[in-house]
């Protein structure tokens, strides 16, 4: 049976794999257990992100606002932090403003003449959600760290009264952000103009480590430690070969 993790915006803070309907060994998710990771995975988690020149407080803000992007772009602007609107500062209000009624309790958040773009759900909603999730989880920071450390667990969103749904888009984002290409590694290492040279085999070895052995570590953190190791051990001879590092545990 696959490991299973559930989350939503008001999830209780318990050990990974110990929540309702979850499966797996909490010992395999020690990094997650340091945080209220379920709330961080939620679309309501406040983590400002830039998309197309505008700042959105949460994934929910971007998703709900884009329901009106084609026919009512001025209303979509109300979901951005640049607008300084009440909607822009609260994911609950953002969800209410984007819902069918446009109301939060008795407060009208959206004028009755502004309706959801006709083709939003049939054509656009998946790409809108994917864009928001990528913006949140591709940045170096806590959300990315949390998502990577869910490892290969199935991710499900579920709350009382709503049928649970597997979060395939989030799992896809996890897979994509966890692949580090060779060009990225080269860009982050000291170069020849700084007096360093790394054998091609060293680059390939680092690529292997990052994409296989150390997949649950932020790659910049990993490469920073590698560079520190090189500075401490190869200061006089800055030409690094594979045999120099292959059996060294620098992380």
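Rule-based calculations on the coordinates, nothing more; no lab input. Fair warning: this is a prediction, and the values are worked out from it, not measured in the lab. Every residue, glycine among them, receives a Cβ derived from its backbone with ideal geometry; neighbour counts consider all protein chains shown.
Quick rundown of the values:
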item: Beta bridge orientation in the range 1-178: antiparallel %, DSSP, nearest 5; result: 70
item: Of 240, 128, 162, the one that fluctuates the most in a GNM where the chain has Cα springs shorter than 10 Å; result: 162
item: Ellipticity estimate at 222 nm from DSSP helix runs (n ≥ 4, -39,500 (n - 2.57)) divided over the chain, nearest 500; result: -9500 deg cm²/dmol
item: Residue exposure sequence - 1, 129 - by fewest surrounding Cβ within 10 Å; result: 1, 129
item: Potential lengthening between residue 159 and residue 234 on full extension [0.36 nm per residue; Cα-Cα distance subtracted]; result: 21.6 nm
item: Between the range 1-33 and the range 151-170, the Cα center-to-center distance that results, in Å; result: 12
item: Value in Å of the Kirkwood radius, where the chain supplies the Cα pairs that are averaged; result: 20.6
item: For q = 0.14 Å⁻¹, Debye-computed log10 I/I(0) when each Cα of the range 182-245 counts as one equal scatterer; result: -0.37
item: Estimated D of the range 94-167 in µm² per second, where Rh is the Kirkwood radius over Cα pairs and Stokes-Einstein applies at 37 °C, 0.692 mPa s; result: 215
